[in-house]
Amino acid sequence: MKRIERISKRWLRIFLKGKEHLPVMCKEIVEYLDLEKKDWIADCTLGLGSHSYVILKNYQVKVIGIDKDSETLALAKERLSEFEGRVHYFSEDFKNIDKILEKLGLEKIDGAVFDLGASLYQFSSFERGFSFLREGPLDMRIDRETTLLSAYDLVNNLSEKELDYIFKEYGQEKFHRKIAHSIVEERKDYPIATTLRLAEIVVRACKSKNFRIHPATRVFQALRIVVNQELDSLKLGLNKAISYLSKGSRICVITFHSLEDRIVKDTFKTFQAKRVLKLITTRPLRPSSWEREVNPSCRSAKLRVAERL
């Protein structure tokens, strides 16, 4: 237990280096959206409203703020209160963007932003169970009102084979077999109910002293993706958002791991082949060295941009 506490304290210092939420690649997002003479912009992952704040401050556009996390959506409303009347809020999964636009009576949008993954606010709210850095319940549900299964349910009820598949496919975890086996053995005594207990099991299973990232990172990522069905939502949300883009408008997507990035890359290429999209970034853009220094949590971010033809 001392070892996991030592590792966690080190990564906590890195992860929470700055308390203020910093929008990832915000300068690039605003520049590539090309917002002059644009009207409606869909912020499909509103979060705390960081990207939208900069957009609204500098351009006379209207924002459709979508987030399935009702807690962060409430905070975004406070943060964006000075733009009353120019922001329309929806506590929804972005895969339902078609239903949202129908409610607004819109047939087209003039730009879309996706900033994927869990937010810093969610990671630092340890009672939500996203983080392995402090004790919290093993939850990981972004939408706790409608999502039925939590990470606790997966960890304590799935078979060793099913857990092995999740850690390999969604976490790309090198030690997936050992970790799955260790979890099944450990839960025989009593259920694995907290983030630190799961992290401790993962660290022991990995049996390595040198980690580029925290040893529990990929396991927690894999569980979060499955709990929230993130990849399925991304495929649907991207396709729908692209179909609603007006001619000449752009879609900007920030990903944080290769599974997300592959979906965005393949989706953009498919629409490019159909002559629906033009790729603005042939290769993903990465945060500048300055941004990575100021905001270490953005180190793995990739930005892809495409334009509707």
Number of the condition not met by residue 192 [criteria: (1) part of a loop (DSSP other than H, G, I, E, B); (2) at pLDDT 90 or above; (3) out of contact with any helix residue (DSSP H, G or I) (no Cβ under 9 Å at 6 or more places or on another chain)]: (3)
Residue, farthest from the chain's Cα centre (by Cα), within the range 68-92, restricted to residues that are assigned to a helix (DSSP H, G or I) and among the hydroxyl-bearing types (Ser, Thr, Tyr): 81
Subset of the range 245-258 [surrounded by 20 or more Cβ atoms within 10 Å (Cβ to Cβ) and at pLDDT 95 or above]: 245, 249, 250, 251, 252, 253
Of all residues making up the range 218-247, the number that are over 12 Å from residue 112 (Cα atoms), within 14 Å of the chain's Cα centre (by Cα) and not charged (D, E, K, R): 12
Close pairs from the range 221-233: first part of a helix (DSSP H, G or I), partner among the basic types (Lys, Arg) and at pLDDT below 95, Cβ under 7 Å, at least 6 apart: 227/141; 228/141
Options 142, 192, 225, 242: the member that is under 30 Å from residue 108 (Cβ atoms) and touching a Phe, Trp or Tyr at 6+ places or on another chain (Cβ under 8 Å): 242
Candidates 152, 190 - the one that is of a type outside the set (A, V, I, L, M, F, W, C) and surrounded by 15 or more Cβ atoms within 10 Å (Cβ to Cβ): 152
Criterion: among the β-branched types (Val, Ile, Thr) and under 26 Å from residue 36 (Cβ atoms) - qualifying residue of 281, 270: 281
Residue tally, condition within 23 Å of the chain's Cα centre (by Cα) and either more than 16 Å from residue 305 (Cα to Cα) or of a type in the set (A, V, I, L, M) (or both), over the range 270-293: 9
Conditions (1) assigned to a helix (DSSP H, G or I); (2) charged (D, E, K, R); (3) more than 24 Å from residue 233 (Cβ to Cβ); number of the one not met by residue 95: (3)
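This table checks each residue for (1) touching a Cys at 6+ places or on another chain (Cβ under 9 Å); (2) modelled with pLDDT of 65 or more; (3) within 25 Å of residue 294 (Cβ to Cβ); (4) surrounded by 15 or more Cβ atoms within 10 Å (Cβ to Cβ).
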{"residue": "6", "(1), (2), (3), (4)": "no, no, no, no"}
{"residue": "12", "(1), (2), (3), (4)": "no, no, yes, yes"}
{"residue": "27", "(1), (2), (3), (4)": "no, yes, yes, no"}
{"residue": "33", "(1), (2), (3), (4)": "yes, yes, yes, yes"}
{"residue": "41", "(1), (2), (3), (4)": "no, yes, no, yes"}
{"residue": "45", "(1), (2), (3), (4)": "no, yes, yes, yes"}
{"residue": "48", "(1), (2), (3), (4)": "no, yes, yes, yes"}
{"residue": "51", "(1), (2), (3), (4)": "yes, yes, yes, yes"}
Any hit, the range 203-213, residues being assigned to a helix (DSSP H, G or I), surrounded by fewer than 17 Cβ atoms within 10 Å (Cβ to Cβ) and within 22 Å of the chain's Cα centre (by Cα): no
Pick from the range 245-264, criterion aliphatic (A, V, I, L, M) and out of contact with any strand residue (DSSP E or B) (no Cβ under 6 Å at 6 or more places or on another chain), ranking: farthest from residue 168 (Cα to Cα): 263
Some residue of the range 92-106 being in contact (Cβ under 8 Å) with a residue 60 or more places away in the chain and more than 30 Å from residue 308 (Cα to Cα): no
Candidate set from the range 123-161 (those that are closer than 21 Å to residue 215 by Cβ and of a type in the set (Gly, Ala, Ser)); member that is modelled with the highest pLDDT: 151
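The values are calculated or read from the model by the stated rules, or taken from the named source; none is laboratory data. Just so it is clear, the structure is predicted and the values come from calculations on it, not from any experiment. Here Cβ is always computed from backbone atoms with ideal geometry, including for glycine, and neighbour counts include all displayed protein chains.
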